[in-house]
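Following this message is one structure expressed as structure tokens.
Bear in mind that the values in this text are calculations on the coordinates, not laboratory data. Being a predicted model, the structure only gives us computed values, none of them experimental. Cβ coordinates were reconstructed from backbone atoms using ideal geometry, including for glycine residues, and neighbour counts include every protein chain displayed.
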Amino acid sequence: MTVEDLLDQIDELIDNAWSLPLSGGKCVVDAEQLRTIVDDIRGHLPSEVRQAKAIVADRGDIVETAKREAESIIRNAEERARRLVSQEEIVKQAQQKANEILTQTQMKSREIRKGATDFSDDVLRRTEEVLAQKLAEVRQARQILRNPQKAEQPGSEE
């Protein structure tokens, strides 16, 4: 069942509710039935919301893994450089290679961070759009519930 179907159930519940006389359109609904539908809506939120939460959690792991990799590469480069101290040319080459590895590692770390950030931002943006759309639909439904006369006027959109 989709969120749209569940919102249709709420509409039907309201349509079938007992109207209170002289109350300005207020009605009595089965609270337990409404709570069940709201719980179902929460359970059927778009997968983007769950995916965004997972990405945010994974982002920290990705950055931490990149840092550990960078530190390990740096340690390995430093150890290798120490072993090669015996000859000046080899030492120079080792230092150059260590600097290259460090630079590459820093660039890779930046790329991983940027990729994780961009991906997270994109998923969160799409999630925000979906949630904004659903929120607008809920607000519209609430507005109709608050003022059913407007919904019945000619030229009004439902």
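Picking from 124, 102, 45, which is most flexible by a Gaussian network model of the chain using Cα springs under 10 Å?
102
In addition: Which ³J(HN,Hα) values, rounded to whole Hz and listed in residue order, are derived for the stretch 117-133 from phi using the Karplus coefficients 6.51, -1.76 and 1.60 in 6.51 cos²θ - 1.76 cosθ + 1.60 with θ = phi - 60°, glycine and proline given as x?
In residue order, the calculated couplings are 5, 4, 4, 4, 4, 5, 5, 5, 4, 5, 5, 4, 5, 5, 5, 5, 5 Hz.
Moving on. With a point put 7 Å past each Cα toward its Cβ, work out how far residue 42 is from residue 88 in nm, to one decimal.
Computed distance between label sites residue 42 and residue 88 equals 7.4 nm.
Quick check: pseudo-label points 7 Å beyond the Cα along Cα→Cβ at residue 138 and residue 54, how many nm apart are they?
Result: 2.3 nm between the two label points.
Between residue 145 and residue 20, what FRET efficiency comes out of the Förster formula 1/(1 + (r/R0)^6) with R0 = 22 Å and r the beta carbon distance, rounded to 0.05?
0.95
Quote the relative contact order of the stretch 1-44 in percent (integer), defining contacts as alpha-carbon pairs under 8 Å separated by 6+ residues.
It rounds to 48 percent for the stretch 1-44.
Taking the Cα-to-Cβ direction at residue 121 and at residue 102 and moving 7 Å from each Cα, how far apart do the two end points lie in nm?
2.9 nm
Let me ask something else. Rounded to the nearest 500, what is the 222 nm mean residue ellipticity of the chain from helices alone, with -39500 (n - 2.57) per DSSP H run of 4+ residues and division by all residues?
Roughly -28500 deg cm²/dmol at 222 nm, from the helical runs in the chain.
Related question: In 10 Å bins starting at 0, how do the alpha-carbon pair distances of the stretch 1-44 split up by percent?
29, 47, 20, 4
A further question follows. Placing +1 at every Lys and Arg Cβ and -1 at every Asp and Glu Cβ, with all other atoms neutral, what dipole size does the stretch 1-44 have around its Cα centre, in debye to the nearest 20?
For this selection, approximately 280 debye.
Here is a further query. Below 13 Å, Cα to Cα, which aspartates and glutamates can residue 92 reach? Residues fewer than 8 away in the same chain don't count.
Candidates past the 8-residue exclusion: 78, 100.
Taking θ as phi - 60°, what are the ³J(HN,Hα) couplings along the stretch 139-144 by the Karplus curve (6.51, -1.76, 1.60), each to the nearest whole Hz, with x for Gly and Pro?
Calculated HN-Hα couplings, in order: 4, 4, 5, 5, 4, 5 Hz.
Once you have the alpha carbon radius of gyration of the chain, what is it after dividing by 2.2 N^0.38 Å, with N set to its residue count?
Cα-based Rg divided by the globular estimate yields 1.96.
Moving on to the next point. Given H placed 1.01 Å from N in the peptide plane, which residues other than close sequence neighbours of residue 27 have an amide H under 5 Å from its amide H?
Residues meeting the criterion, in which the H sits 1.01 Å from N, are 20.
Pulled fully out, how much extra length does the chain show between residue 34 and residue 130, if you take 0.36 nm times their separation in residues and subtract their Cα-Cα distance?
32.3 nm
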